[in-house]
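Chemist: First the structure, then my questions, so here it is.
The values are calculated or read from the model by the stated rules, or taken from the named source; none is laboratory data. Model, not experiment: these values are computed from the prediction. Cβ placement follows ideal geometry from the backbone for every residue including glycine, while neighbour counts extend to all protein chains displayed.
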Amino acid sequence: MGNAVSGLASLPNTVRIGGVGKRDLLQALGAHNVQLNRAADMLFEDPRFVPLGHNQVIEIATLSVAELGFGAEGATYGQLTARALESRLAECPLELGPHLRMQFLDQPEGAAGLPATRGRVPPGAITVASLPLDERDETPKGFYLRRIDGVLWLRGYWSWPGHIWNPEDVLIFARA
């Protein structure tokens, strides 16, 4: 398993995280003209989101729900992470999302102009599989990366345990 999802050949196989605080991380995202949505802002504002004080390199794997072995019925996040564990993959640290966003500046364009995808992963989005800060509905669950109309985004998202991820949805896991 590698970064097998088509169109993502330029996605790095490793991501360097840590060594900077949230304020510096936000400034670096701004320097790359990365836009954040309200859910991403909320994740950065949460005191439980504490970036590592030291550098660490994480090897990643990018897989669609279908590549994890789920058919047209899709799967819940719990099913996805359980299957990933069977494949020696694990959830990523939350801070991998912001660092990956800055290391993956040539993400292919998503499908702009399509209707809103409320309750589903937007076309072209890459979700970083990470342990949620908590299970409360009002807490965003993690980050996803997107490029729309040439603009890079680091977006947070809300989800619930019963949400069904579609076969074409793409997630990033850490190699265990």
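Chemist: Collect the residues in the range 73-96 that are in a helix (DSSP H, G or I), touching a Gly at 6+ places or on another chain (Cβ under 7 Å) and closer than 16 Å to Phe143 by Cα, keeping them in residue-number order.
Modeler: Residues of the range 73-96 that are in a helix (DSSP H, G or I), as a first pass: 77-86, 96.
Add one more test, that the residue is touching a Gly at 6+ places or on another chain (Cβ under 7 Å), and what stays is 83.
Once the filter is applied, which keeps residues that are in a helix (DSSP H, G or I), touching a Gly at 6+ places or on another chain (Cβ under 7 Å) and closer than 16 Å to Phe143 by Cα, the range 73-96 yields nothing.
Chemist: Now, a different point. Look through the range 21-66, keep the residues that are small (Gly, Ala, Ser) and free of Cβ contacts under 8 Å to residues at least 24 places away in the same chain, and return whichever of them is nearest to Phe143 (Cα to Cα). Before you say what the answer is, go through the steps one by one.
Modeler: As a first pass, look at the range 21-66 and keep what is small (Gly, Ala, Ser): 21, 28, 30-31, 39-40, 53, 61, 64, 66.
Checking which are free of Cβ contacts under 8 Å to residues at least 24 places away in the same chain leaves us with 30-31.
On the way: Gly30: 16, Ala31: 19 Å.
Among residues in the range 21-66 that are small (Gly, Ala, Ser) and free of Cβ contacts under 8 Å to residues at least 24 places away in the same chain, the one nearest to Phe143 (Cα to Cα) is Gly30.
Chemist: Oh, and also: Residues being crowded, with 16+ Cβ neighbours inside 10 Å and in a helix (DSSP H, G or I): count how many of those fall in the range 15-27.
Modeler: 3
Chemist: Further question on the same structure: If you check Gly156 against the conditions, is it small (Gly, Ala, Ser) and touching a Leu at 6+ places or on another chain (Cβ under 6 Å)? Steps first, answer last, please.
Modeler: Numbers: small (Gly, Ala, Ser): yes; touching a Leu at 6+ places or on another chain (Cβ under 6 Å): yes.
For Gly156, the condition - small (Gly, Ala, Ser) and touching a Leu at 6+ places or on another chain (Cβ under 6 Å) - is met.
Chemist: Could you grab me the full set of residues in the range 145-170 that are under 21 Å from Leu29 (Cα atoms) and surrounded by 15 or more Cβ atoms within 10 Å (Cβ to Cβ)? Write out each step before concluding.
Modeler: Taking the range 145-170 as the starting set, the residues that turn out to be under 21 Å from Leu29 (Cα atoms) are 145-157.
Within the range 145-170, Leu145, Arg146, Arg147, Ile148, Leu152, Trp153, Leu154, Arg155, Gly156, Tyr157 qualify.
Chemist: Identify, from the list Gly124, Gly142, the residue that is surrounded by 15 or more Cβ atoms within 10 Å (Cβ to Cβ), at pLDDT 95 or above and farther than 17 Å from Gln103 by Cβ.
Modeler: Details: Gly124 fails: at pLDDT 95 or above.
Exactly one of Gly124, Gly142 is surrounded by 15 or more Cβ atoms within 10 Å (Cβ to Cβ), at pLDDT 95 or above and farther than 17 Å from Gln103 by Cβ, namely Gly142.
Okay, residues lined up against (1) surrounded by fewer than 16 Cβ atoms within 10 Å (Cβ to Cβ); (2) part of a helix (DSSP H, G or I):
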position: Leu29; (1), (2): no, yes
position: Asn33; (1), (2): yes, no
position: Arg48; (1), (2): yes, no
position: Pro51; (1), (2): no, no
position: His54; (1), (2): yes, no
position: Glu59; (1), (2): yes, no
position: Gly71; (1), (2): yes, no
